[in-house]
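As C-alpha cells, the structure follows; a few thoughts come after it.
Throughout, read-outs are computed from the coordinates displayed, never taken from laboratory work. Owing to the predicted nature of the structure, the values given are computational and were not obtained by experimental measurement. In this analysis, Cβ positions are derived from the backbone assuming ideal geometry, glycine residues included, and neighbour counts consider all displayed protein chains.
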There are 2 protein chains.
Amino acid sequence: MKTYTQRLLTSPWDDLINPVILIVEDNDEDFYTFMRITQSIDPLKRTHYNFLRFEDGDEALDYLYRKGDYQELDAPLPVAILLDLNLPGTDGRDIIKMVKQTPQLKIIPIVVLSTSNNLNDIKSCYQHGANCYMLKPMGLPDMQKTIQTLFQQWFQFAILPSYGQFAS
Amino acid sequence: MKTYTQRLLTSPWDDLINPVILIVEDNDEDFYTFMRITQSIDPLKRTHYNFLRFEDGDEALDYLYRKGDYQELDAPLPVAILLDLNLPGTDGRDIIKMVKQTPQLKIIPIVVLSTSNNLNDIKSCYQHGANCYMLKPMGLPDMQKTIQTLFQQWFQFAILPSYGQFAS
C-alpha cells in the first residue's frame, strides 16, 4: 500500500487515465475475493479503474480529506467508494455521514458492501446519503453474482459524477 | 393508470406484497421498451415489484407527497424511483432536489435514466442526492443491456431501504 501511495504522490496524473475506486475493507479474504472476481470479468469489458484499498476508516478519511500522510497528495479524488461498515478506526457509518456532509466529497457515490442485514443499518445508510446498499452473501457463487452485478452497474453502465473529468 | 390508482386507493395492502417502483417517464416508447425488457428477464429471477408510471412531474410529486388526487392514498411509499430528467410539469432535476430534502422521502433511491450526457446534469443530480445516473443508450441491444443491469442491480441484488417493510 505504501508503494502505491508513493506512486500516487509522485505521479498523480496516472489517476486521470486510470481513475481510482476507493475500497475500504478490513477483511483480507473479502478484499481478495472481490479482486479475483473483478479480474475474472470478461477482459474486453473490463474497466480501466485502479483499486486503492484501505483497511482502516481513519486512514481512508485521511486520504479523502488529504490529511496526515496524504497532505501533499495532488491526485484527483476517487470516482467511487466501496465501503464496508464495520471497520477499525472510524466506522463505515460515520464515514458516510462525514463524506455526504462535505460539499466537495458528497458527489462521490458510496456503495456499501456489508454483511449486516440490520434494518437500522440499511435505513440509516440510505438516510445519510449512501448511494446503494449491498449485502455480502455467504458462499462464493452468490458472492460472484453480487460483485459482478455491482461492478457492471457501477463501473460499466452507470455514469459516475467524475465522467467529465475522465471523458476523452 | 386511473384504474391502477383506484386499486391503490382501495387495496393499499397489495403494495406490501408487491411493492411499487415509481417510474417517471413521459416518453411512451422508452417506457414500453423498459417494460418489455424487464419482462424478458428470466422469469425465475423476476422480482415481484409493481411498476407505477407517471408521465408528468407534477403528478409524480402529488403521488409522493400525497396531495391532489392522492390525498386519501393509504398505500406505502414506492421502494425506488426511476426518473427521466426532461418532463412536463416539474422537471426531474427539481424532483430530485425536493425529494432529497424531505426527511420522510429522501431514503427512497432515485435512479436517473436520461438521454442527457450533459456534465452539469450528471454532477448536479449526484450533488443533489440522486443515487445513480444512467444514460439511455441509442439502439435496442444497448438499451437491453443497460436496463438488465439496472434491474439486476437495483431490484435483485441491492438491499433497498424498504427491505424491512417487506422482508418476511
### Message
Suppose you put the label 7 Å out from Cα in the Cβ direction; list, shortest first and in nm with one decimal, how far A:Asp91 is from each other copy's label.
### Response
4.0
## Note on the structure
Using alpha-carbon positions, the gyration tensor of the stretch A:2-154 gives root eigenvalues a ≥ b ≥ c; with a/c under 1.5 called rounded, otherwise prolate if a/b exceeds b/c, else oblate, the class is oblate
### Message
Under the rule of at least 5 residues apart or a separate chain, name every residue whose amide H is placed under 5 Å from the amide H of B:Arg53.
### Response
B:Ile23
### Query
According to the square roots a ≥ b ≥ c of the eigenvalues of the Cα gyration tensor, what is the shape class of the stretch B:113-161, taking rounded for a/c under 1.5, prolate for a/b larger than b/c otherwise, and oblate for the remainder?
oblate
### Query
Can you give the charge dipole size of the stretch A:2-154 about its Cα centre, rounded to the nearest 20 debye, using +1 on the beta carbon of Lys and Arg and -1 on the beta carbon of Asp and Glu?
600 debye
### Query
Which whole-Hz couplings ³J(HN,Hα) result when phi for each residue of the stretch A:110-125 is put into the Karplus expression 6.51 cos²θ - 1.76 cosθ + 1.60, θ = phi - 60°, listed in order with x for Gly and Pro?
10, 9, 7, 10, 9, 7, 6, 9, 5, 4, 5, 4, 4, 5, 5, 4
### Query
In nm, what does the list of distances from B:His48 to its counterparts in the other copies look like, shortest first, when each label sits 7 Å along Cα to Cβ?
4.5
#### Entry: Average partner coverage of B:142-152, which counts Cβ from other chains inside 10 Å
3
### Query
Any idea what the B:Glu29 label distances to the other copies are, label 7 Å down the Cα→Cβ vector, nm, shortest first?
5.2
### Message
Please compute, for peptide A:131-141, the average count of beta-carbon atoms on other protein chains lying within 10 Å of each residue's beta-carbon.
### Response
3
### Task
Pop the C-beta distance of A:Arg36 and A:Gln101 into the FRET formula with R0 = 45 Å and round what comes out to the nearest 0.05.
0.85
